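> For reference, the structure I am asking about is given below.
The values are calculated or read from the model by the stated rules, or taken from the named source; none is laboratory data. Keep in mind that what you see is a predicted model, and the values were worked out from it rather than measured. Don't worry about glycine lacking a Cβ; one is built from the backbone with ideal geometry, like all the others, and counts go over all protein chains shown. Just the protein is used for accessible areas: all its heavy atoms, side chains included, with ligands, DNA and RNA removed. Shrake-Rupley method; radii C 1.70, N 1.55, O 1.52, S 1.80 Å.
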Amino acid sequence: MILEERYEEVKNMHEDLIGMNSGWSKIEYNWRDSALYALAVGADETDLTYTYEKDMKAVPSFGCLPFYSAVLNDPKVPLPYPVHYQAQEYLSHKLGHFVDRGMHMAFQMEYIRPIDPIKGTLVWNTNVKKVMKFKEKDIVLEVDNPIYDEAGRLTCRNTSWNIIRGVGEGFDGEKFHGADVDFPEREPDYVIDNYISKTANVLYRLTGDTNYSHIDPEICAVRNQPKPFMQGLSSFGFATFLAVKAIIPNEPERLKKVYVQMRSVAFPDTPVQLRAWKVGEGKAVFKYIDMNTGKAILNNCVFEWEE
């Protein structure tokens with residue numbers, strides 16, 4: 001009887017996560033924020049489309065900033081507080097011990113209308129859509145993050161899959177499985193190089209993700225990292241910027257969707273490369289590679305655009 005009661009308690013604990021949300025928030029930005037973001041995800045002095053206000057366009061992944069942001073927000077927050085952090089605190093309370101916040105497994109952005117690069121407002125409410133089983137003791141949260149402009153028009157829709165370890169015992173829900181991606185057995189159709197600068201983590205923090213693990217060596221040591229590392233969504237931004245530059249140069253408005261799977265941590269002072277294969281009309285698959293190690297930072301990725 002005690003075991004049955006415990007099972008029901010754990011089952012309800014996971015079900016309680018569904019619908020958990022961040023509440024409505026907004027970011028007000030201007031062209032300097034757009035340019036700063038572009039520089040933070042790999043733009044250089046030649047990329048005037050994204051850094052010069054004369055004929056400016058926004059890097060599409062600017063639309064993922066609200067997911068992890070403590071800059072320009074209203075209401076104000078001292079550090080990013082995405083909804084899976086809220087879930088982690090709830091689970092810690094229910095289980096009576098600390099539960100780690102976990103990390104991204106995958107991320108997707110559907111780009112519905114171009115973001116105004118000069119001035120605007122992004123409005124959002126993030127919520128837990130699904131709880132899924134992963135391995136024996138882990139769960140994955142599917143988190144929905146639609147982004148609206150100040151007129152209430154849907155601009156983009158972010159979906160994040162975040163793993164939380166050690167809290168899946170007794171949960172028998174849908175199993176998480178990342179999207180299957182087949183890579184052609186030929187040389188890539190698009191190859192483009194870039195470089196994560198020595199200060200890229202510091203620069204990206206200024207766009208909103210001010211978590212201390214991306215700047216404080218002592219906190220990194222506690223997390224078993226040798227030095228401050230790049231934000232997960234900065235890797236998403238780098239890859240999106242490079243894919244746009246390689247496949248639809250200077251026409252970011254043609255982007256429809258980017259999907260990535262996070263595979264390894266990226267560090268500042270690292271050469272990187274995007275390798276992409278066109279697999280159909282308006283569709284490519286790609287990898288985002290750490291050229292020092294040869295490992296994929298992002299893998300099984302999909303890029304879709306309007307032909």
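> Go through the range 240-284 and report how many residues are among the hydroxyl-bearing types (Ser, Thr, Tyr), crowded, with 18+ Cβ neighbours inside 10 Å and over 13 Å from the mean Cα position of the chain (by Cα). So that I can check it myself, show each step before the final result.
Going residue by residue through the range 240-284, those that are among the hydroxyl-bearing types (Ser, Thr, Tyr) are 240, 259, 264, 270.
Now restrict to residues that are crowded, with 18+ Cβ neighbours inside 10 Å: 240, 259, 270.
Checking the rest, the ones that are also over 13 Å from the mean Cα position of the chain (by Cα) come to 270.
Looking only at that region, the number is 1.
> Check ASP172 against each of (1) on the phi > 0 side of the Ramachandran plot; (2) open to solvent by 80 Å² or more (accessible area, probe 1.4 Å) and name the one condition it does not meet.
Unmet for ASP172, out of (1) on the phi > 0 side of the Ramachandran plot; (2) open to solvent by 80 Å² or more (accessible area, probe 1.4 Å): (1).
> If PRO146 satisfies every condition in (1) open to solvent by less than 30 Å² (accessible area, probe 1.4 Å); (2) in contact (Cβ under 8 Å) with a residue 60 or more places away in the chain; (3) under 17 Å from SER69 (Cα atoms) but one, which is the exception?
(2)
> Restricting to the range 51-74, name every residue that is crowded, with 17+ Cβ neighbours inside 10 Å and in a helix (DSSP H, G or I).
THR51, PRO60, SER61, PHE62, GLY63, CYS64, LEU65, PRO66, PHE67, TYR68
> I need the full set of residues from the range 103-127 which are assigned to a loop (DSSP other than H, G, I, E, B), β-branched (Val, Ile, Thr) and open to solvent by less than 20 Å² (accessible area, probe 1.4 Å), in order please.
Correct list: ILE115, THR126.
> Would the range 152-163 turn up any residue that is surrounded by 14 or more Cβ atoms within 10 Å (Cβ to Cβ), farther than 23 Å from PHE286 by Cβ and more than 15 Å from the chain's Cα centre (by Cα)?
yes
> Please pick out the residue among VAL41, VAL83, VAL77 that is more than 23 Å from ASN125 (Cα to Cα) and either touching a strand residue (DSSP E or B) at 6+ places or on another chain (Cβ under 9 Å) or buried (at least 21 other Cβ atoms within 10 Å of the Cβ) (or both).
Only one candidate qualifies: VAL41.
> With respect to LYS130, is the statement that it is assigned to a helix (DSSP H, G or I), basic (Lys, Arg) and open to solvent by 40 Å² or more (accessible area, probe 1.4 Å) true?
Criteria not met by LYS130.
> Which residue out of ASN292, ASN224 is free of Cβ contacts under 8 Å to residues at least 40 places away in the same chain, open to solvent by 40 Å² or more (accessible area, probe 1.4 Å) and on the phi > 0 side of the Ramachandran plot?
ASN224
> Sticking with this one: Is there a residue in the range 155-170 that is among the acidic types (Asp, Glu) and touching a residue at least 60 places away in the same chain (Cβ under 8 Å)?
yes
> Testing THR199 on (1) hydroxyl-bearing (Ser, Thr, Tyr); (2) over 25 Å from GLU304 (Cα atoms); (3) surrounded by 18 or more Cβ atoms within 10 Å (Cβ to Cβ), one condition comes back false. Which one is that?
Only one criterion is unmet by THR199, namely (3).
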